[in-house]
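Here's the structure, in structure tokens; my notes come after.
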Amino acid sequence: MLRPTIPQSPNKLPYQPGTFVTAFPYWHQLGVPPDTPEATLVSLALHQLDLVLAQQTAPAETAAIIIEPVLGEGGYIPAPTSFLSALRTTCDKHGIVLIFDEVQSGFGRCGKYFACEWSGVRPDVIVFAKGLANGFPLSGVVSSKDCMDMMPPGTMGGTYAGNAVSCAAAVACVEVMEVSPGLITSA
């Protein structure tokens, strides 16, 4: 799990037990010069993930890796495709669920419906919200049927689990996107 930078989230510690944080492949988070090559940034971030999985939690005890495909706090920084691909490989190897948090970047905000489409990496779960209903309180979760069927009926809910006005706003947003094909690509 990645976290916001400290100035943007003071006094938010400790995290829930069993939650571990690792580095995003960005020079500022890794403490390296701004001109560090992307391949080096990815290698350093993956090394940090390997250390977390070796020293703080076992892969067999890790339920999920959650990442924003476009880091939304501290700047809008897309995750390199090679990093997302490596996360997919790690998750597949260990049976870990890969979750993309597209609350800020999803639903047409990055030139495609979801930012992860640029990488071609398919997560197990995508969570999204803000763009879905153009700011009205509504969120969504997309996953495979196999993954969703693991949850007993009635166990999934949330703060932004639709009301009539928000659902109508989401329908209107989808309708506008469908009749305005250039709208998403110009985002």
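Pull up the stretch 31-51, narrow it to residues that are surrounded by fewer than 17 Cβ atoms within 10 Å (Cβ to Cβ) and either hydrophobic (A, V, I, L, M, F, W, C) or touching a residue at least 40 places away in the same chain (Cβ under 8 Å) (or both), then point me to the one that is nearest to D92 (Cα to Cα).
L51
Determine whether L98 is surrounded by 20 or more Cβ atoms within 10 Å (Cβ to Cβ) and closer than 20 Å to F20 by Cβ. First the steps, then the outcome.
On the way: surrounded by 20 or more Cβ atoms within 10 Å (Cβ to Cβ): yes; closer than 20 Å to F20 by Cβ: yes.
Yes, satisfied.
Is it the case that some residue within the stretch 123-137 is over 17 Å from the mean Cα position of the chain (by Cα), assigned to a helix (DSSP H, G or I), surrounded by 15 or more Cβ atoms within 10 Å (Cβ to Cβ) and at negative phi?
Filtering the stretch 123-137 down to residues over 17 Å from the mean Cα position of the chain (by Cα) leaves 133-137.
If we keep only those that are assigned to a helix (DSSP H, G or I) as well, we get 133.
Remaining after also requiring surrounded by 15 or more Cβ atoms within 10 Å (Cβ to Cβ): 133.
Among the residues that remain, those that are also at negative phi are: 133.
Yes, the stretch 123-137 contains a residue that is over 17 Å from the mean Cα position of the chain (by Cα), assigned to a helix (DSSP H, G or I), surrounded by 15 or more Cβ atoms within 10 Å (Cβ to Cβ) and at negative phi.
Is the stretch 70-82 home to any residue that is of a type in the set (D, E) and in contact with a strand residue (DSSP E or B) (Cβ under 8 Å, 6 or more places away or on another chain)?
no
Can you pull out every residue in the stretch 60-81 that is part of a strand (DSSP E or B) and hydrophobic (A, V, I, L, M, F, W, C)?
A64, I65, I66, I67, V70, L71, I77, listed by residue number.
Taking the stretch 143-172, which residues are surrounded by 16 or more Cβ atoms within 10 Å (Cβ to Cβ) and under 27 Å from L98 (Cα atoms)?
Answer for the stretch 143-172, where residues must be surrounded by 16 or more Cβ atoms within 10 Å (Cβ to Cβ) and under 27 Å from L98 (Cα atoms): S143, Y160, G162, A170.
Under 6 Å by Cβ, and 6 or more places apart or on different chains, what pairs join a residue from the stretch 74-94 that is within 17 Å of Q48 (Cβ to Cβ) and in contact (Cβ under 8 Å) with a residue 24 or more places away in the chain with one that is of a type outside the set (V, I, T) and assigned to a loop (DSSP other than H, G, I, E, B)?
Hits for this filter: I77/Y26; A79/P69; P80/P25; F83/P25; L84/S119.
Here, each number is a calculation from the coordinates, and none is a lab measurement. The structure displayed is predicted, hence computed values, not measured ones. Neighbour counts run over all protein chains shown; Cβ positions are idealised from the backbone, glycine included.
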